[in-house]
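Notes for the one structure printed next.
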Amino acid sequence: MEEIGPVDYAIVAFPGNKFRGEIAPALADLVEREVIRIIDIAFIGKSEEGDVVAMELTELDPDVQEALESAGIEVQGLLNDEDLQKAAEELEPNSSAAVLVWENVWARKVTNAMRAAGGVVVAFERLPHEVVQAAREWALEQVKA
């Protein structure tokens, strides 16, 4: 089996159940340029009453389904029902979420080289957008001063 690059996941919530598929073209662009490879995608929801649901790609609105399929998504079933139910339980009432698992194809060579050299990841964190943006704005203000 071929070594793969780093794999990330994200759960992106949509309060008010307002997911309509606008992210599909952006995902398609990344897939087409071989920046990422979608390993799995699912959708979860929580009603106002607290009932949870998990949906496969084939159970979505036809427009959303078409947009995601045209993005070249190859669902491989990495997420299981238990994973999805747990994630759905964490949602706020009357919201839905996309659950995405992707390989960072762009980093495949360097991570394979790191492993081959005996390297071991000892820390990895994603910085929140708001934190990075605030730091950039602060740095820009310092340059202007």
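Annotations
- Number of residues in region 76-91 that are loosely packed, with under 11 Cβ neighbours inside 10 Å and either over 10 Å from ALA42 (Cβ atoms) or without any contact (Cβ under 8 Å) to a residue 12 or more places away in the chain (or both) equals 1.
- Enumeration of residues in region 1-23 that are closer than 15 Å to LEU78 by Cβ and open to solvent by 60 Å² or more (accessible area, probe 1.4 Å): MET1, ILE4, VAL7, TYR9, ILE11
- Selected residue (criterion: farthest from the chain's Cα centre (by Cα)) from residues of region 39-62 that are closer than 23 Å to VAL7 by Cβ and touching a residue at least 40 places away in the same chain (Cβ under 8 Å): ILE44
- Matching residues in region 24-44 - criterion: being touching a strand residue (DSSP E or B) at 6+ places or on another chain (Cβ under 7 Å) and either outside any strand (DSSP E or B) or surrounded by fewer than 14 Cβ atoms within 10 Å (Cβ to Cβ) (or both): LEU27, VAL31, ILE36
- Of the residues VAL122, VAL131, VAL110, VAL105, the single one that is closer than 11 Å to GLY5 by Cβ and either free of Cβ contacts under 8 Å to residues at least 12 places away in the same chain or surrounded by fewer than 11 Cβ atoms within 10 Å (Cβ to Cβ) (or both) is VAL110.
- Note on region 95-131: residues that are within 25 Å of GLU34 (Cβ to Cβ), among the small types (Gly, Ala, Ser) and more than 20 Å from the chain's Cα centre (by Cα) total 4.
- Failed criterion for LYS144 (all others in (1) over 26 Å from ALA42 (Cβ atoms); (2) basic (Lys, Arg); (3) within 15 Å of the chain's Cα centre (by Cα) hold): (3)
- Flag if ASP61 is surrounded by fewer than 19 Cβ atoms within 10 Å (Cβ to Cβ) and farther than 14 Å from TYR9 by Cβ: yes
- Restricting region 45-55 to residues that are out of contact with any Phe, Trp or Tyr (no Cβ under 6 Å at 6 or more places or on another chain) and among the hydrophobic types (A, V, I, L, M, F, W, C), the residue that is least open to solvent (accessible area, probe 1.4 Å): ALA54
- Failed condition for PHE19, given (1) at pLDDT below 85; (2) more than 14 Å from SER95 (Cα to Cα); (3) in a loop (DSSP other than H, G, I, E, B): (2)
- Elements of type helices (runs of 4 or more DSSP H) contained in region 45-145, each with 2 or more residues being in contact with a Lys or Arg (Cβ under 9 Å, 6 or more places away or on another chain): 62-69, 81-89
The values are calculated or read from the model by the stated rules, or taken from the named source; none is laboratory data. Just so it is clear, the structure is predicted and the values come from calculations on it, not from any experiment. Ideal geometry is used to build each Cβ from the backbone, glycine not excepted, and the neighbour counts take in all protein chains shown. Just so you know, the surface numbers come from the protein's heavy atoms only, side chains and all, with ligands and any DNA or RNA stripped out. Shrake-Rupley method; radii C 1.70, N 1.55, O 1.52, S 1.80 Å.
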